[in-house]
């Protein structure tokens, strides 16, 4: 039996792309063997299929109509891990669940007390409108409006760096402050933070910036460091490889794309602010953020903040959309989820570090919130 030749067209110059490649390679190692054909170009704009390839199937981030047409002409199974050409004939898609992605962003901004929201995504072949549409819908479900950057120039039209920054500065000047802005990805988030600082806008006090993916280098070298959504790109690569294997085995095409939920938010300095003008709520939140993992309850918060319980609950509901007890649960579950991703701690250790009485209590709360047990969540992450 011959070893399948699998072509992979995913740029390796970002954490997202490298993790896609790792997911594909992990599947090939565990369930292959496959011979992986890796394109070495770092820009997807001019990609085409190398003449030397005799691929039985291809996993790609399809970025241009030219590449799409080239792949479709090969008459082999194609799995797209991008979001520009979802639903094209002969192409299966595995991509981030943007509804879940948008909900994560809104929840993160809500936890900071923001009431003004915007989305930043200059025209690019790197992403589609699906991201902005999902975020705008999530914001509208709060009864708010989402301002979007609409610069008014076409893809492919070159403008100078100075003109780009003037346009972004003009857009920023029209936004109510403080404002929470979701950028399409880490590159655009870094760009936006730089324009803010050059324009004299304080990040995060006046403009909080959240990057739509987790390119570690871009997020860490940005000043201030960028908060980011942790998209499950390694799992996307793994699921794309599994879907390709299914297609190579004669499986029928799917009618809908495979959607992968993001893992969470990596909070950094660019959103480390509380956009709340009630000193009691701010004091309560700061106390909860420091002590939620010590098993405190609302009575402990009230002992710290000199205000009646009903008043504090009313103000939390007004600013955050949830009660103090719900915010304590959110903080603990986010800590538990991050520890499951980043550490090898036992369930008992994670429960203790997250403020739960034991693994049973943690398991019940985690399953109620995320629909899976902590152990299943960790195993899924290890597969990624």
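Within segment 244-264, track down each residue that is crowded, with 23+ Cβ neighbours inside 10 Å and more than 16 Å from residue 101 (Cβ to Cβ).
Scanning segment 244-264 gives a single hit, 244.
Failed condition for residue 99, given (1) crowded, with 17+ Cβ neighbours inside 10 Å; (2) touching a strand residue (DSSP E or B) at 6+ places or on another chain (Cβ under 9 Å); (3) within 30 Å of residue 65 (Cβ to Cβ), with all others met?
Against the list (1) crowded, with 17+ Cβ neighbours inside 10 Å; (2) touching a strand residue (DSSP E or B) at 6+ places or on another chain (Cβ under 9 Å); (3) within 30 Å of residue 65 (Cβ to Cβ), residue 99 comes up short only on (1).
Against the condition buried (at least 16 other Cβ atoms within 10 Å of the Cβ), within 24 Å of the chain's Cα centre (by Cα) and either touching a residue at least 24 places away in the same chain (Cβ under 8 Å) or on the phi < 0 side of the Ramachandran plot (or both), how does residue 107 come out, does it pass?
Numbers: buried (at least 16 other Cβ atoms within 10 Å of the Cβ): yes; within 24 Å of the chain's Cα centre (by Cα): yes; either touching a residue at least 24 places away in the same chain (Cβ under 8 Å) or on the phi < 0 side of the Ramachandran plot (or both): yes.
Yes, satisfied.
Can you name the number of the only condition in (1) crowded, with 21+ Cβ neighbours inside 10 Å; (2) in a helix (DSSP H, G or I); (3) touching a residue at least 60 places away in the same chain (Cβ under 8 Å); (4) out of contact with any helix residue (DSSP H, G or I) (no Cβ under 6 Å at 6 or more places or on another chain) that residue 93 fails?
Failed condition: (2).
Considering only residues that are surrounded by fewer than 21 Cβ atoms within 10 Å (Cβ to Cβ) and touching a strand residue (DSSP E or B) at 6+ places or on another chain (Cβ under 6 Å), which ones fall in segment 77-89?
Hits for segment 77-89 are 83, 86.
When residues of segment 305-340 are filtered for being in a helix (DSSP H, G or I), touching a residue at least 12 places away in the same chain (Cβ under 8 Å) and surrounded by 15 or more Cβ atoms within 10 Å (Cβ to Cβ), how many remain?
20
Between 113, 132, 156, 143, which is at pLDDT below 95, assigned by TED's automatic domain parsing to the domain that holds residue 172, surrounded by 22 or more Cβ atoms within 10 Å (Cβ to Cβ) and over 20 Å from residue 173 (Cα atoms)? Quick ask: steps written out before the conclusion?
On the way: 132 fails: at pLDDT below 95; 156 fails: surrounded by 22 or more Cβ atoms within 10 Å (Cβ to Cβ); 143 fails: surrounded by 22 or more Cβ atoms within 10 Å (Cβ to Cβ).
That would be 113, the only listed residue that is at pLDDT below 95, assigned by TED's automatic domain parsing to the domain that holds residue 172, surrounded by 22 or more Cβ atoms within 10 Å (Cβ to Cβ) and over 20 Å from residue 173 (Cα atoms).
Going through 103, 56, 80 one at a time, which residue ends up being outside the structural domain of residue 206 (by TED's automatic domain parsing) and at pLDDT 95 or above? I'd like the intermediate steps shown before the answer.
Details: 103 fails: outside the structural domain of residue 206 (by TED's automatic domain parsing); 56 fails: at pLDDT 95 or above.
When all the criteria are applied, what remains is 80.
Cβ contacts < 7 Å: first residue farther than 15 Å from residue 56 by Cβ, restricted to segment 19-31; second residue outside any helix (DSSP H, G or I), any location; separation 6+ or different chain. Result?
Taking only residues 6 or more apart or on different chains, the pairs are 20/10; 20/81; 21/8; 21/10; 21/12; 23/384; 25/36.
Has segment 162-175 got at least one residue that is at pLDDT 95 or above, farther than 21 Å from residue 261 by Cβ and touching a strand residue (DSSP E or B) at 6+ places or on another chain (Cβ under 6 Å)?
yes
Looking at segment 214-231, which of its residues are under 30 Å from residue 24 (Cα atoms), part of a loop (DSSP other than H, G, I, E, B) and out of contact with any strand residue (DSSP E or B) (no Cβ under 6 Å at 6 or more places or on another chain)? Quick ask: steps written out before the conclusion?
Let us first name the residues in segment 214-231 that are under 30 Å from residue 24 (Cα atoms), namely 214-222, 225-231.
When the remaining residues are screened for being part of a loop (DSSP other than H, G, I, E, B), the result is 214-215, 222, 225-226, 231.
Those that are under 30 Å from residue 24 (Cα atoms), part of a loop (DSSP other than H, G, I, E, B) and out of contact with any strand residue (DSSP E or B) (no Cβ under 6 Å at 6 or more places or on another chain): 215, 222, 225.
Filter segment 295-304 for residues that are part of a helix (DSSP H, G or I) and in contact with a helix residue (DSSP H, G or I) (Cβ under 9 Å, 6 or more places away or on another chain); which is surrounded by the fewest Cβ atoms within 10 Å (Cβ to Cβ)? Outline the logic, then answer.
Restricting attention to segment 295-304, the residues satisfying the condition of being part of a helix (DSSP H, G or I) are 298-304.
Within this subset, residues satisfying the condition of being in contact with a helix residue (DSSP H, G or I) (Cβ under 9 Å, 6 or more places away or on another chain) are 298-302, 304.
Working: 298: 18, 299: 8, 300: 16, 301: 24, 302: 15, 304: 15.
The residue in question is 299.
Yes or no: residue 225 surrounded by fewer than 22 Cβ atoms within 10 Å (Cβ to Cβ) and either outside the structural domain of residue 35 (by TED's automatic domain parsing) or farther than 20 Å from residue 139 by Cβ (or both)? Can you show your working first?
Details: surrounded by fewer than 22 Cβ atoms within 10 Å (Cβ to Cβ): yes; either outside the structural domain of residue 35 (by TED's automatic domain parsing) or farther than 20 Å from residue 139 by Cβ (or both): yes.
Criteria met by residue 225.
State whether the residues of segment 232-247 include one that is in a strand (DSSP E or B) and in contact with a strand residue (DSSP E or B) (Cβ under 7 Å, 6 or more places away or on another chain). Talk me through it step by step, then tell me what you get.
First, the residues of segment 232-247 that are in a strand (DSSP E or B): none.
No, segment 232-247 has no match at all.
For segment 269-293: of the residues being assigned to a helix (DSSP H, G or I) and out of contact with any helix residue (DSSP H, G or I) (no Cβ under 9 Å at 6 or more places or on another chain), which is farthest from residue 143 (Cα to Cα)?
Ranking the qualifying residues of segment 269-293, first place goes to 290.
Residue-wise test of (1) at pLDDT 90 or above; (2) over 20 Å from residue 86 (Cβ atoms); (3) crowded, with 18+ Cβ neighbours inside 10 Å; (4) over 23 Å from the mean Cα position of the chain (by Cα).
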residue: 21; (1), (2), (3), (4): yes, yes, yes, no
residue: 24; (1), (2), (3), (4): yes, no, yes, no
residue: 27; (1), (2), (3), (4): yes, yes, yes, no
residue: 46; (1), (2), (3), (4): no, yes, no, yes
residue: 66; (1), (2), (3), (4): yes, no, no, yes
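The values are calculated or read from the model by the stated rules, or taken from the named source; none is laboratory data. These numbers were taken from a predicted model, which means no experiment stands behind them. Don't worry about glycine lacking a Cβ; one is built from the backbone with ideal geometry, like all the others, and counts go over all protein chains shown.
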